[in-house]
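Structure first, commentary second.
A short reminder: the numbers here are calculations on the coordinates, not readings from a lab. Small disclaimer: the values here were computed from a predicted structure and weren't measured. Note: ideal-geometry Cβ built from the backbone for every residue, glycine included; neighbour counts use all protein chains shown.
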């Protein structure tokens, strides 16, 4: 069905709403935190890393277990884990010779779950 003429998402008026601009400007997040968020989303822009996050939501795991789950080599998984650790998405603990990985905090799980809910929504 054709849209009626003039029914576009582009504003035809050139009115500046100063009250709205001030309110929004005063509420904007600072550049430092926006850059940190952008870096985090860049790291998460990889299906393998999202799958690792998904797995770590379910259980703490060592590199060997993650590699077996992902059907990838340990060096490849270690690379992903290093990038995720540097972005503070995951943390590790050592138990003897074994290093176990887990999510850095509950926000990472919430971020994953919220993203998944959004991806599953019917559009």
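The candidate values are [x] 8.7; [y] 12.6; [z] 7.6; the one derived from this structure for mean projected area of the Cα convex hull in nm² carries the label [y]. Each label was represented as a point 7 Å from its Cα along the Cα-to-Cβ direction; for residue 22 and residue 51 these points are 5.3 nm apart. Highest average first, the peptides 57-69, 32-44 ordered by how many other beta carbon atoms sit within 10 Å of their residues are 57-69, 32-44.
Per-residue extension of 0.36 nm, minus the Cα-Cα distance of residue 114 and residue 76, leaves a gain of 11.0 nm for this segment. Arranged from fewest to most other beta-carbon atoms within 10 Å of their beta carbon, 17, 80 become 17, 80.
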